[in-house]
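The values are calculated or read from the model by the stated rules, or taken from the named source; none is laboratory data. Here the structure is a predicted model, which is why all the values come from computation and not from measurement. Cβ: placed from backbone, ideal geometry, glycine included. Neighbour counts: every protein chain shown. Keep in mind that these areas ignore ligands, DNA and RNA; they rest on the heavy atoms of the full protein, side chains included. Shrake-Rupley method; radii C 1.70, N 1.55, O 1.52, S 1.80 Å.
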Amino acid sequence: MATLFLAGTGTLGDAALLDRIAAECVAGERLVAALSRALDWVGLAEAGRLPPRPNPEWLAAFLATTTELPAAAATFAADLALSFPGARGGRTVVQGVVEVPRGAATLATDHGPAFDFVVDGEVLRKGERFESFRYRFRVPADGAGERLPLVFQRALRPGAYRLLVRVEDVAGGRWFRDEREIEVPFLRPGEPLVADAALAGDSPAADPGEPATAPAASPSPTDPVAEANLSLGTDEVTVRLLPAPDTLTVGNTRVEAVTTGEDVARVRFLVDGREVMSKGRPPWSVELDLGRDLRTFEVAAVAVDARGEELARDELLLNAGPHRFAVRLVEPQPTRRYRQSLRVAAEVEVPEGDLLDRVELYLDDALVATLYQPPFTQPVRLRAPGEPAYVRAVAVLADGNAVEDVVFVNVPDRFEEVDVHTVELYTTVVDRNGRPVEDLAREDFRVLEEGVEQEVRRFERVDRVSIYAGVLLDTSSSMAEELPEALEAASRFFATVLRPRDRAAVVVFAERPELAVRFTNDPEVLAGGLAGVGAHGGTALWDSLIFTLHYFSGVSGKRALVLLSDGDDQGSHYSFEEALEYARRTGVTVYAIGLGADAHTPAVRTKLLRLADETGGRTFFVGRAHELAQVYAQIERELRSQYLLVYQSSLDAAAGGPGEEGAGGEEDFREVAVEVVRPGVEAKTIRGYFP
C-alpha cells in the first residue's frame with residue numbers, strides 16, 4: 001500500500017515502482033492499468049477510498065479464512081494434483097484438482113442430493129501471504145463417478161511459492177489438508193506443462209524472462225477440464241471497450257475498443273443492437289451522436305475475421321450511472337460448441353460503496369461452484385457430452401442484492417432466445433383519508449399493461465426490501481430563512497427511515513447540483529454532510545433533478561427521492577418535460593415538497609403534482625419549514641407500507657435503436673395500471689416504463 005501511495009506522489013515514469021506494484025500487490029496488473037490511465041489523481045484517490053465501516057459480517061468471514069484444521073478435526077483421504085495448463089495475461093495458470101473418493105464423502109440432501117465441499121487456500125511468497133482464495137463446490141449425486149474432482153485455478157507470476165489447501169466436507173464435518181512448495185514456470189502461449197514432479201521443489205527456479213526448460217505437453221487425457229483449458233493462452237482474440245464515464249453523457253461521445261490476437265479483420269460497433277459503423281483497421285473507435293436523449297445506450301464492439309465470423313464481443317452501457325450492479329459472462333461463447341467441459345469467465349460491476357460477497361455459477365439449474373474473490377473464472381464439466389445446456393452466473397452483494405447473466409451453449413441452429421421483461425411495481429395503497437392500507441393480499445390486486453392483465457408472479461411487503469432514499473434540497477438564496485430547520489428535518493428523516501440494508505444520499509443545489517453525501521447507511525455521516533450547508537444563488541431545479549436521478553442509476557430495490565424546493569426553475573439547461581421524461585425512464589419514485597408561497601403558484605404546483613403522480617409518489621405543500629417533520633413522517637410510513645408486485649410482461653419486446661422510428665420516444669412507453677378490488681382505496685405506482 002505504501003508503494004502505491006509513493007507512486008501517486010511522483011510520475012508514472014518510474015518503471016521500478018510500477019513493476020513492484022504489478023508483481024507484489026494482489027490484482028497488481030489491474031492497479032497499474034488504472035494508474036496508467038489516471039489523469040486526475042485526486043479523483044483516483046476518491047474512487048479508491050475504502051468504506052469507513054465495512055460490513056461486519058463480511059469482515060468476520062474475511063478474518064475467519066484460514067487453511068488450518070480445527071482442533072481434533074476428523075479427516076478424510078484425498079489426492080491433490082497440480083498442473084500448469086496454460087498462460088493468461090502474462091501469468092501462468094496453476095490448476096489444482098482435489099480428487100475425493102466418493103466413499104469418503106457424505107451426501108447432503110438439502111436442495112437436492114449432492115456432495116458439498118468448501119475449498120480454502122493460501123499462496124505464500126517469501127513466507128508472507130500473497131493471496132488467499134475460497135471456493136464452494138456442489139457435485140450432484142447423479143452422474144458423479146467414484147472420484148469427485150474439485151478443480152481450482154490461480155494465475156501466478158513465475159517463481160517460488162508455498163501452497164496450502166484445505167477442503168471441508170460440509171455435510172460430513174470432515175477435512176482434508178495439503179501443503180507443498182511449488183515452482184511456477186514461465187510458459188509461452190499454447191505451452192501447457194503438466195509434469196507434477198516439478199511441483200515438489202526438485203526443479204531449479206524458472207527464469208521469468210525465459211521459457212520453461214521442461215518440454216511442452218498436451219493437456220493430460222485424465223484432466224477433467226482439459227477441453228476448457230484449451231482457451232488458455234495469450235494469443236487468443238479479445239475485444240474490450242474502454243470504460244465509459246459515470247457522468248450523464250449527451251451529444252457527441254467517442255467510444256474506443258482495444259483488441260488482441262492476429263485474426264481480427266474488422267470491428268463492428270452496435271448501439272442498442274443496430275450497427276452504426278464497421279472499421280477495418282485501428283484505432284477501433286467510433287463517434288456517437290447521442291443528441292439530447294437522456295437514457296442508457298447499450299454499445300457493443302464485435303471483432304470479426306476476414307470471413308465475417310464473430311471472434312469476440314464486448315458490451316458496455318452509456319449513462320448507466322455510478323451504482324450499476326451487473327454481472328456479464330464473457331465465456332462460454334454461445335457460438336462455440338463444447339463436448340466435455342467449458343471455461344466460465346464472469347465480469348462483475350459492483351456499485352460504489354458496496355461489497356461483493358460471492359459469484360455463484362450454475363450449470364442448468366444446478367449450483368456447481370461459488371467463487372468468493374476475483375478472477376471469477378472456473379472450468380466446469382458438462383453433464384452430457386455436446387448436449388444443449390445453459391450457464392448462469394449470479395453475483396450477490398453483502399446486503400443480499402443479486403443480479404445474473406445467462407449464456408446458452410450447444411444449442412441447435414433453430415434455437416431462438418426470447419427477451420422477457422420483468423417489471424417491478426412498488427405500490428402504495430391509501431384510503432379516502434390518505435392513510436396507508438397495509439392488510440392486502442395478492443388476490444386483491446390486478447395489474448394491467450397497455451390494458452392487458454398480467455400475472456403477478458411475486459408479491460411481498462416492502463418492509464423486507466432494501467430502500468435507497470435520497471433528498472434533493474434547494475439551497476438557493478430564497479431558502480436562507482428556512483434552510484436550518486429544513487436541514488434538521490432531513491437529518492431526523494434519515495435517522496428514522498434507515499435500516500441495516502437501506503442507503504441514503506443528499507444532493508444540494510442552487511445554480512448547479514452538488515453531491516453532499518454519497519449513499520451510506522450511517523445517519524451520522526448524513527448529518528455531517530448537511531452541516532455547514534448555506535443558501536446562495538439561483539434555482540437550477542430541473543438540471544439538479546436529472547443529476548440526482550442519474551446518481552440513482554443502477555441501484556436496485558425500492559428507490560425514493562424527496563425533492564424540497566421553494567420556487568420554480570431558474571436557469572436550467574433542461575426543461576421540465578425533459579426532466580419528467582428522464583424520471584419516467586429511471587423508475588425512481590419522487591416525493592415533491594413545495595415550501596412557501598412561491599411553490600403554491602399554479603405553474604409550480606402543476607409541475608410538482610405531475611412529477612409525483614407520474615412516478616408513483618406524492619406531493620406536499622407546506623408554508624413553513626417547521627411543518628417538514630410531519631411530512632417526512634408521512635413519507636417514511638408510506639415507504640414502509642408499500643407492496644411489491646412483480647410480473648413478466650406478456651407483450652412482445654419493443655425493438656429499435658438510435659435514429660429508428662420510435663426509439664427512445666413516446667411510442668416505446670408501456671402504460672401500467674394497478675387496481676385494487678377493495679372499494680374505497682386507491683393504488684399509486686409508476687404510470688409505466690420503457691422496455
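Of all accessible surface on segment 573-657 at a 1.4 Å probe, what whole percent is carbon and sulfur? Before the final figure, lay out each step's value.
Working: 1600 of 3220 Å².
Carbon and sulfur atoms account for 50 percent of the accessible area of segment 573-657.
For segment 139-181, run through the GluC sites (Glu not before Pro) and keep only the ones in DSSP coil with at most 15 other Cβ atoms within 10 Å of their Cβ.
Values: sites: Glu146, Glu168, Glu179, Glu181; in loops: Glu146.
Taking segment 139-181 and a limit of 15 other Cβ atoms within 10 Å, the loop GluC sites (Glu not before Pro) found are Glu146.
May I ask you to derive the FRET efficiency for Ala306 and Ala244 from their Cβ-Cβ distance with R0 = 35 Å, giving the value to the nearest 0.05?
Working: r = 30 Å, r/R0 = 0.85.
In this case the efficiency is close to 0.70.
For segment 390-493, build the convex hull from the C-alpha positions and give me its volume per residue in Å³.
On the way: hull volume 27.0 nm³, N = 104.
Expressed per residue, the convex hull around the Cα atoms of segment 390-493 is 259 Å³.
Could you give the spread of the C-alpha atoms of segment 529-653 along their three principal axes, from largest to smallest, in whole angstroms?
Principal axes ranked by extent give 48, 34, 32 Å for the Cα atoms.
Rg (Å, one decimal) plus Dmax (Å, integer) for the alpha carbons of segment 267-348?
Calculated on Cα positions, Rg and Dmax stand at 15.0, 50 Å.
So what's the Cα pair-distance distribution over segment 66-159, bin width 5 Å, in %?
All Cα pairs considered, the percentages come to 3, 11, 18, 21, 19, 14, 8, 5, 1.
For Lys607, go through the lysines and keep the ones whose alpha-carbon is under 19 Å away, minus same-chain ones fewer than eight residues off.
Output for Lys607: Lys684.
If you project the alpha carbons of segment 472-522 onto the principal axes, what extent comes out on each, in Å, largest first?
Answer, in whole Å and largest first: 36, 21, 11 Å.
Can you give the accessible area per residue of segment 353-414, in Å², using a 1.4 Å probe? Mind showing how you got there, number by number?
Values: 2600 Å² over 62 residues.
Per residue, segment 353-414 has 42 Å² of solvent-accessible surface.
Could you tell me the calculated FRET efficiency between Arg102 and Tyr390, based on Cβ-Cβ distance and R0 = 41 angstrom, to the nearest 0.05? Provide the component values of the computation, followed by the final result.
Values: r = 27 Å, r/R0 = 0.66.
Taking R0 as 41 Å, the efficiency between Arg102 and Tyr390 is 0.95.
What full-extension length gain, to one decimal in nm, is calculated for Ala265 and Arg512 as 0.36 nm per residue of separation minus the Cα-Cα distance? Each step should come with its number before you reach the end.
Values: separation 247, 0.36 × 247 = 88.92 nm, distance 4.63 nm.
My answer for the length gained is 84.3 nm.
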